[in-house]
Amino acid sequence: MAGLASARELRREGHDVTVLEQNADVGGQWLYDPRSDGADDPLGAAETVKVHGSLYASLRAISARENMGFTDFHFAPKDGRDGRRFPGHREVQLYLRDFCDAFGLMEAVRLNTRVLRVAMAVAPTRKWTVRSVHEGTEEEEVFDAVVVANGHYSQPRLPSIQGMEAWRGRQMHSHSYRVPEPFRGDVVVVVGCGASGKDIAMEVRGVAKEVHLVAKSMEEVTPGLAKVLAKHSANLHLQLHVERLCEDGLVVFGGGGSGVLADTIIYCTGYNYSFPFLHTAGAVTVDDNRVGPLFEHVFPPSLAPSLSFVGIPIKVFAPRFFEAQAKWGAQVLSGRRTLPPEQEMMRSVEEYYRAREIAGVPKKYTHDVCLSETMPTVRTTNLADSLKRGIDYASYLKKEHLSVTYILDRLIFIQRL
Ligand SMILES: Cc1cc2nc3c(=O)[nH]c(=O)nc-3n(C[C@H](O)[C@H](O)[C@H](O)COP(=O)(O)OP(=O)(O)OC[C@H]3O[C@@H](n4cnc5c(N)ncnc54)[C@H](O)[C@@H]3O)c2cc1C
């Protein structure tokens with residue numbers, strides 16, 4: 001998604017674009033992959049996962065289709081296709097295919113081409129050497145600029161739980177979950193109460209003996225979830241965090257809960273940013289899921305504008321947000337817009353970090369742009385109040401290029417609640 005948004009904006013600005021895509025088709029996460037890393041790496045703990053896809057077969061978009069389109073290419077229902085407002089993954093992939101066709105992007109896309117290494121070419125040029133592999137043949141090319149848009153829902157983030165290594169049952173991450181059938185008759189513990197955790201717990205409940213859904217705290221138990229738990233109380237149970245795992249298969253829960261002898265634990269505990277191919281000599285690092293320093297989550301000050309990132313923020317409406325980032329990046333590269341000097345960009349990043357720290361936002365949520373120090377109560381239902389906060393936030397940022405997107409995002413986000 002972010003790569004296609006970038007390709008279109010770069011071409012609009014007259015740049016010559018090559019998109020290197022490791023999969024056999026476009027769509028990124030939305031290209032459902034029935035394979036999984038499960039066979040040889042069920043936890044996805046290897047440094048680079050082999051399978052990019054993390055979607056399960058039954059997944060439907062959590063956002064409504066009217067919020068999921070590019071600004072000028074709406075995600076409208078089509079005859080003979082999945083016309084639901086919250087469509088299945090295949091429909092989103094087809095939409096992205098349609099987008100490519102409408103803008104002639106496929107001529108810029110090289111499929112089945114995996115990027116192995118991206119590094120700065122020999123100084124003083126600001127060019128980039130990119131090594132890739134296509135059907136076993138490696139190639140090295142030099143580009144004037146690189147936009148990194150490799151997604152961040154592939155590399156599992158795992159909790160650290162006492163006894164994890166010695167626990168005798170099956171442990172896996174939701175990255176490798178596809179269908180419920182392998183869990184028939186099992187006692188399953190699903191750790192994590194986000195969208196995937198809830199979906200997977202509900203689906204597995206249909207075939208499993210028991211499912212224990214583990215929340216971090218009661219705050220995660222929304223009225224909707226409480227209703228679902230009550231309705232399926234026969235074999236779906238809520239637990240508070242996992243305290244420890246015992247070798248004999250016992251899972252001990254916190255919050256006064258007892259233990260359960262389980263067959264399987266599925267960790268629905270999120271993903272880490274990972275750029276195994278990127279070599280910047282320390283100019284961009286990932287520290288506790290903070291990718292940085294990045295000016296406005298896009299440009300590393302010391303390497304801008306020849307290196308940029310599109311698609312880093314989370315809980316934004318994709319692809320519209322990515323489109324705004326891509327437009328900005330493409331216009332900076334063509335000279336239609338300018339960036340502040342490096343020191344100023346660095347200062348802005350540091351100020352942003354400081355403000356978040358003061359507001360008590362953990363580092364790992366650096367790119368959760370909804371969790372803002374000026375908008376601590378984003379979950380309000382008062383639209384006017386939220387809009388005012390959106391405008392305050394935009395003016396606080398003093399970033400015209402993003403303010404409209406932030407405000408729109410705020411509005412649609414609130415409407416969705
Ligand atoms: C279970 C799940 C449910 C989700 N549900 C929603 C939802 O309902 N609504 C929503 O808006 N978002 C949802 N998302 C988020 C979704 O990932 C984003 O909408 C969107 O796909 C992000 O686009 P992207 O381009 O940043 O990343 P991706 O879609 O992941 O695309 C990245 C691309 O980079 C390629 N790539 C990576 N590394 C390399 C390499 N080394 N060489 C070559 N190519 C490479 C990948 O193959 C992939 O095609 C969900 C994600 C998950 C995991």
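Filtering the range 189-236 down to residues that are more than 17 Å from R170 (Cα to Cα) and in contact with an Asp or Glu (Cβ under 6 Å, 6 or more places away or on another chain), which residue is surrounded by the most Cβ atoms within 10 Å (Cβ to Cβ)? That would be C193. Quick one: what pairs do we get from the range 279-297, first residue crowded, with 19+ Cβ neighbours inside 10 Å, second modelled with pLDDT under 95 and among the aliphatic types (A, V, I, L, M), C-beta under 8 Å, 6+ apart or different chains? From the range 279-297, the pairs are E296/L402; H297/V369. Residues that are more than 14 Å from the ligand (Cβ to nearest atom) and part of a strand (DSSP E or B) within the range 173-215 comprise V187, V188, V189, V191, E210, V211, H212, L213, V214, A215, listed in sequence order. Assigned to a loop (DSSP other than H, G, I, E, B), farther than 30 Å from V251 by Cβ, within 20 Å of the chain's Cα centre (by Cα) and within 13 Å of the ligand (Cβ to nearest atom) - does that describe any residue in the range 342-365? Taking every residue of the range 342-365 in turn, none turns out to be assigned to a loop (DSSP other than H, G, I, E, B), farther than 30 Å from V251 by Cβ, within 20 Å of the chain's Cα centre (by Cα) and within 13 Å of the ligand (Cβ to nearest atom). The conditions of being under 20 Å from R12 (Cβ atoms), within 19 Å of the chain's Cα centre (by Cα), within 13 Å of the ligand (Cβ to nearest atom) and not aromatic (F, W, Y) are not met by L59.
Okay, residues lined up against (1) in contact with a strand residue (DSSP E or B) (Cβ under 9 Å, 6 or more places away or on another chain); (2) of a type in the set (K, R); (3) within 15 Å of the ligand (Cβ to nearest atom):
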residue	(1), (2), (3)
S63	no, no, yes
D98	yes, no, no
L111	yes, no, yes
R114	yes, yes, yes
R126	yes, yes, no
V142	yes, no, no
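Out of the residues in the range 269-323 that are in a strand (DSSP E or B) and among the aromatic types (F, W, Y), which is nearest to the chain's Cα centre (by Cα)? Restricting to residues being in a strand (DSSP E or B) and among the aromatic types (F, W, Y), the top hit is Y271. The set of residues from the range 144-163 being part of a strand (DSSP E or B) and within 15 Å of the ligand (Cβ to nearest atom) comprises V146, V147, V148, Q155, P156.
A single member of E107, E135, E139 is over 22 Å from the mean Cα position of the chain (by Cα), acidic (D, E) and more than 16 Å from D25 (Cβ to Cβ), and it is E139.
Just one of the listed residues (G88, G104) is without any contact (Cβ under 8 Å) to a residue 60 or more places away in the chain, in the same structural domain as V332 (by TED's automatic domain parsing) and loosely packed, with under 12 Cβ neighbours inside 10 Å, and it is G104. Listed by first and then second residue, the pairs with beta-carbon distance under 6 Å, at least 6 apart or on different chains, first residue in the range 109-132 and more than 19 Å from K50 (Cβ to Cβ) and in contact (Cβ under 8 Å) with a residue 12 or more places away in the chain, second within 14 Å of the ligand (Cβ to nearest atom) and not in a strand (DSSP E or B), are V109/E21; V118/F277. Within the range 36-50, the set of residues being surrounded by fewer than 21 Cβ atoms within 10 Å (Cβ to Cβ) and within 13 Å of the ligand (Cβ to nearest atom) comprises E47, T48, K50.
The values are calculated or read from the model by the stated rules, or taken from the named source; none is laboratory data. Quantities reported herein were computed from a predicted structural model and do not represent experimental measurements. All Cβ positions, glycine included, derive from the backbone under ideal geometry; neighbour counts span all protein chains shown.
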